[in-house]
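The values are calculated or read from the model by the stated rules, or taken from the named source; none is laboratory data. Model, not experiment: these values are computed from the prediction. In this analysis, Cβ positions are derived from the backbone assuming ideal geometry, glycine residues included, and neighbour counts consider all displayed protein chains. Side chains included, ligands, DNA and RNA excluded: accessible areas come from the protein's heavy atoms. Shrake-Rupley method; radii C 1.70, N 1.55, O 1.52, S 1.80 Å.
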Amino acid sequence: MNAGKWLQANFAGYERLSRSEKTEIKDFPVLWSIFEMTATMKRAKPQTIIDAVDQIARPFRFDGPFLAALDFYRDRFYRDGETTPYFDGLSLCRIARPLVLPVLTGEATRKRQKLTALLLIINRLRNNFLHGEKAEYAFEGQLGNFRHANRTLMAAIPLWR
């Protein structure tokens, strides 16, 4: 039996996920692993992510997938001048929160600040994903999170090559 069939039979809610949701969820840890190896030398935590963005040597554009992800996460985590319950669910650490929130509010506008914020958000999604919090509700409602995380990672990884 392959993993997909096993999950369908043994994990409530898996059968309700679309093919796109299943694909994005399965691709995420692979892309994260490549990012971690390429950008942070296998030690992705808030400070190493911050340092990695600071060390990008060449100019880069903050457009395409980066902008789409920022728009998505901004809408998900910050609305009507306040953080949402989803923002609280990220459980950002004391280092990450003051770097992410100003980007979501629009106060921080430099592209390195925005890229750092996106990667810190994705790091928390990764931690929540791999530590089971997403599985508590069968990954429902996570397509946008994973789709934008994956596209951001694919656009970001070449910045360190």
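One line per residue, one yes/no per condition, for (1) closer than 26 Å to Arg16 by Cβ; (2) among the small types (Gly, Ala, Ser):
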site	(1), (2)
Gln55	no, no
Thr83	no, no
Leu125	yes, no
Leu130	yes, no
Gly141	yes, yes
Phe146	yes, no
* To do: Being farther than 16 Å from Asp75 by Cα and either among the charged types (D, E, K, R) or open to solvent by 30 Å² or more (accessible area, probe 1.4 Å) (or both) is the filter here, so list the residues in segment 144-161 that pass it.
  => Arg151, Met154, Ala155, Pro158, Trp160, Arg161
* Within segment 144-152, is even one residue of a type in the set (A, V, I, L, M, F, W, C) and either under 13 Å from the mean Cα position of the chain (by Cα) or under 30 Å from Tyr14 (Cα atoms) (or both)? -> yes
* **Check on Arg58, closer than 26 Å to Arg161 by Cβ, touching a Leu at 6+ places or on another chain (Cβ under 8 Å) and open to solvent by 80 Å² or more (accessible area, probe 1.4 Å)** => yes
* To do: Mind telling me which of the residues Arg126, Arg147, Arg151 ends up being assigned to a helix (DSSP H, G or I), in contact (Cβ under 8 Å) with a residue 12 or more places away in the chain, in contact with a Pro (Cβ under 6 Å, 6 or more places away or on another chain) and under 18 Å from Ser33 (Cα atoms)?
  => Arg151
* Structure fact -> Scanning segment 33-55 residue by residue, the ones that are in contact (Cβ under 8 Å) with a residue 60 or more places away in the chain, open to solvent by 10 Å² or more (accessible area, probe 1.4 Å) and within 18 Å of His148 (Cα to Cα) total 1
* To do: Those residues that are basic (Lys, Arg), assigned to a helix (DSSP H, G or I) and open to solvent by 50 Å² or more (accessible area, probe 1.4 Å), I need them from segment 70-79; list them, please.
  => Arg74
* So which of Leu92, Leu67, Leu104 ends up being under 15 Å from the mean Cα position of the chain (by Cα) and outside any helix (DSSP H, G or I)? -> Leu92
* To do: Could you please give the count of residues in segment 5-32 that are closer than 19 Å to Ile122 by Cα and touching a residue at least 40 places away in the same chain (Cβ under 8 Å)?
  => 9
* Check whether at least one residue in segment 46-68 is among the acidic types (Asp, Glu) and within 30 Å of Tyr14 (Cβ to Cβ), and report yes or no. => no
* Got at least one residue in segment 80-87 being open to solvent by 50 Å² or more (accessible area, probe 1.4 Å), under 26 Å from His131 (Cα atoms), modelled with pLDDT under 95 and of a type outside the set (S, T, N, Q)? -> yes
